[in-house]
1. Count the net charge of all other residues whose Cβ sits under 12 Å from the Cβ of Val44, scoring Lys and Arg as +1 and Asp and Glu as -1.
2. Which helices pass in the chain if a helix is a full DSSP H run, must span at least 15 angstrom along its long axis by Cα, and must have mean Kyte-Doolittle hydropathy not below 1.0?
3. If I compute solvent accessible area with a 1.4 Å probe over the protein chains, what percent of it on the range 1-114 is carbon and sulfur?
4. Within the set of other residues whose C-beta is less than 12 Å from the C-beta of Val83, count the net charge using Lys and Arg as +1 and Asp and Glu as -1.
5. Hey, in the GNM for the chain with a 10 angstrom Cα cutoff, which one of Leu61, Leu179, Leu87 fluctuates hardest?
6. Of all the stretches in the chain, which is the longest one without any exposed loop site, taking chymotrypsin sites (Phe, Trp or Tyr not before Pro) in a DSSP loop (any state but H, G, I, E, B) with at most 10 other Cβ atoms within 10 Å?
7. Using +1 at the Cβ of each Lys and Arg and -1 at the Cβ of each Asp and Glu in the chain, identify which of Ser55, Phe74, Tyr118 lies farthest towards the dipole's positive end.
8. Given the options Ala27, Ala104, Ala14, which has the most mean-square fluctuation in a GNM of the chain, springs set between C-alpha atoms less than 10 angstrom apart?
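The values are calculated or read from the model by the stated rules, or taken from the named source; none is laboratory data. For clarity, every value in this text was computed on a predicted model and none was experimentally measured. Every residue, glycine among them, receives a Cβ derived from its backbone with ideal geometry; neighbour counts consider all protein chains shown. For the accessible areas, the whole protein counts, side chains as well, though only heavy atoms, and no ligand, DNA or RNA atoms are used. Shrake-Rupley method; radii C 1.70, N 1.55, O 1.52, S 1.80 Å.
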Amino acid sequence: PVDRVLIDSGWNTATVYQFCRASPYSAKLLPSKGVGRSASSVGVARWKPRPGERSGMHWRLTAGLEGRGKSVQFDPDHWKSFVWERLSTPPGGGGCLTLYGKEAGVHAMIGEHCAAEYASPVTIRGDTFDKWDIRPDLPDNHLFDVVVGATVAASVEGLQWNATGTAPAVPAPPKPLKLSEIQARKRAEAARR
């Protein structure tokens with residue numbers, strides 16, 4: 001089953017939010033919006049957290065501003081670079097993203113869409129990153145945006161990628177304190193006052 005679907009709300013925003021609220025699948029749908037870095041705006045990864053929000057790798061799940069419900073905001077340049085790195089990793093390599101099947105022609109259209117943009121390194125406000133732009137001769141990039149959105153949705157749901165192919169180490173939960181340790185901390189805190 002599908003756990004999360006992001007719907008681009010950059011065009012016809014009110015309609016997207018209304019659809020997500022009214023759908024029988026509303027628990028799985030979230031409006032999303034790519035918010036690029038600029039001379040006047042830092043990237044999503046540097047935004048200060050607000051109460052009720054959750055954030056991850058260059059994305060933020062909002063708390064539901066303006067009464068419209070929650071949404072996902074993400075850095076499209078970061079995620080396009082991330083997807084491109086996965087697609088350009090040799091098959092079998094750590095972190096590789098491949099399309100199913102063995103016949104290349106089956107995926108010609110998605111391949112063309114993924115190749116419809118190019119990256120140029122830029123430095124803005126001290127951050128150097130790839131800035132993605134559409135190729136004038138290949139204007140259809142919609143399926144690339146879909147792959148990027150699906151990758152962001154997977155991250156929002158907790159998927160983590162790494163090049164080793166092993167799950168990242170999960171920190172051990174803190175050991176419960178003994179009653180004597182709790183009492184000793186309280187005494188030390190009282191003595192400091």
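1. Numbers: positive: Lys33, Arg37, Arg46, Lys48, Arg60; negative: Glu53, Asp75, Asp77, Asp127.
Within the 12 Å Cβ shell, the charges total +1.
2. 142-156
3. Values: 4090 of 7030 Å².
Of all accessible area on the range 1-114, carbon and sulfur atoms account for 58 percent.
4. Details: positive: Lys80, Arg86; negative: Asp77, Glu85, Glu117, Asp130, Asp145.
Surrounding charge for Val83 is -3.
5. Maximum among the listed residues: Leu179.
6. 101-193
7. The residue sitting farthest along the positive end of the dipole is Ser55.
8. Sorting by GNM fluctuation, first place goes to Ala104.
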